1. Go through segment 102-137 and give me each residue that's under 23 Å from D194 (Cβ atoms) and surrounded by fewer than 17 Cβ atoms within 10 Å (Cβ to Cβ).
2. Write out, first by first residue and then by second, each pair whose Cβ atoms fall under 7 Å of each other, whose residues are 6+ apart or on separate chains, and whose first residue, in segment 36-54, is touching a residue at least 24 places away in the same chain (Cβ under 8 Å) while the second is of a type in the set (S, T, Y) and open to solvent by less than 90 Å² (accessible area, probe 1.4 Å).
3. On the given criteria, is K55 at pLDDT 95 or above, over 22 Å from A86 (Cβ atoms) and in a helix (DSSP H, G or I)?
4. Which pairs have Cβ atoms under 9 Å, sit 6 or more apart or on different chains, and link a residue in segment 9-30 that is under 16 Å from Y92 (Cα atoms) to one that is among the polar types (S, T, N, Q) and open to solvent by 60 Å² or more (accessible area, probe 1.4 Å)?
5. Would you say V182 is among the hydrophobic types (A, V, I, L, M, F, W, C), within 28 Å of Q87 (Cβ to Cβ) and touching a helix residue (DSSP H, G or I) at 6+ places or on another chain (Cβ under 9 Å)?
6. Any chance segment 145-162 includes a residue that's in contact (Cβ under 8 Å) with a residue 40 or more places away in the chain, closer than 19 Å to E105 by Cα and in a helix (DSSP H, G or I)?
7. Looking at (1) open to solvent by less than 40 Å² (accessible area, probe 1.4 Å); (2) modelled with pLDDT of 95 or more, can you tell me which one P140 breaks?
Amino acid sequence: MTFEEIMQKLEELGSDQTKQIYMNHGVKEPYFGVKIGDLKKLVKFVKKDHELALKLYDSGNHDAMYLAGLSVNPKLISKETLQDWAQKAYWYMAAEYTVAGVTAESVYAIELAREWMKSEEEMIAVCGWSTYSNYLSITPDEKLDLAEISALLNRVKNSIHEERNRVRYVMNGFVISVGSYVTELSEEAKHVADYIGKVQVDVGNTACKVPLATEYIKKIEVKNRVGMKRKTCIC
């Protein structure tokens with residue numbers, strides 16, 4: 001399918017109900033309101049065309065941007081393109097899922113996570129923390145910098161409640177990710193989770209809730225899944 005055909009198909013799949021849901025979460029025009037499940041059905045038409053995926057993201061249409069993240073080859077994407085994607089990720093869904101997932105599976109994962117986490121721009125910082133969290137979920141522990149991760153846990157412990165709104169959300173997610181995926185630091189993550197307690201995040205006109213890190217990690221423990229890695233973090 002061509003770019004024009006994909007865009008036409010996205011428009012056909014969109015619905016007013018889904019548009020309203022996305023609007024409540026913070027999306028901006030242009031977008032059609034396509035369900036994620038329907039976007040995933042279109043991946044097969046884009047997956048082997050790297051340039052098409054890049055064009056979809058550059059369209060600025062949310063549905064096309066999300067489809068690009070599902071379809072692009074993270075091993076082929078350049079650092080400059082990822083930096084451009086992060087700049088264009090104006091709301092959390094693009095930052096936390098599309099950009100973070102693709103970056104975490106690229107060769108620039110840690111380099112860009114470190115760079116973005118320092119950003120004064122909220123959504124760029126969100127990209128950074130979410131990228132690092134996703135990277136932990138797919139990377140063997142022996143390839144991780146445990147000292148750095150421990151230092152980041154301490155940073156979360158000392159600063160999360162004073163951070164910017166959506167950064168608080170992904171910092172909380174980072175603690176959950178360490179507790180769930182990094183065996184050697186799981187206990188440390190549990191202590192941090194207990195210390196920070198409930199994290200307040202303004203989720204707008206939605207029913208979304210911020211997961212309590214202590215409870216989330218405990219559920220992983222009960223299932224005996226601590227340290228079990230994912231095959232992919234692109235979803």
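The values are calculated or read from the model by the stated rules, or taken from the named source; none is laboratory data. Not measured: the values here are computed from a predicted model. Here Cβ is always computed from backbone atoms with ideal geometry, including for glycine, and neighbour counts include all displayed protein chains. The area values use the complete protein model at the heavy-atom level, side chains included, leaving out ligands, DNA and RNA. Shrake-Rupley method; radii C 1.70, N 1.55, O 1.52, S 1.80 Å.
1. Within segment 102-137, none qualify.
2. As it stands, the answer is L39/Y66; V43/S71; V46/S71; K47/S71; L54/T81, since those pairs meet every condition given.
3. In short, no.
4. M23/N205; N24/N205; H25/N205
5. Numbers: among the hydrophobic types (A, V, I, L, M, F, W, C): yes; within 28 Å of Q87 (Cβ to Cβ): no; touching a helix residue (DSSP H, G or I) at 6+ places or on another chain (Cβ under 9 Å): yes.
When the stated conditions are applied, V182 does not pass them.
6. The first filter runs over segment 145-162 and keeps only residues in contact (Cβ under 8 Å) with a residue 40 or more places away in the chain, leaving 156.
Filter once more, so that each one left must be closer than 19 Å to E105 by Cα: none.
No, there is no match, as no residue in segment 145-162 is in contact (Cβ under 8 Å) with a residue 40 or more places away in the chain, closer than 19 Å to E105 by Cα and in a helix (DSSP H, G or I).
7. Of the numbered conditions (1) open to solvent by less than 40 Å² (accessible area, probe 1.4 Å); (2) modelled with pLDDT of 95 or more, the odd one out for P140 is (1).
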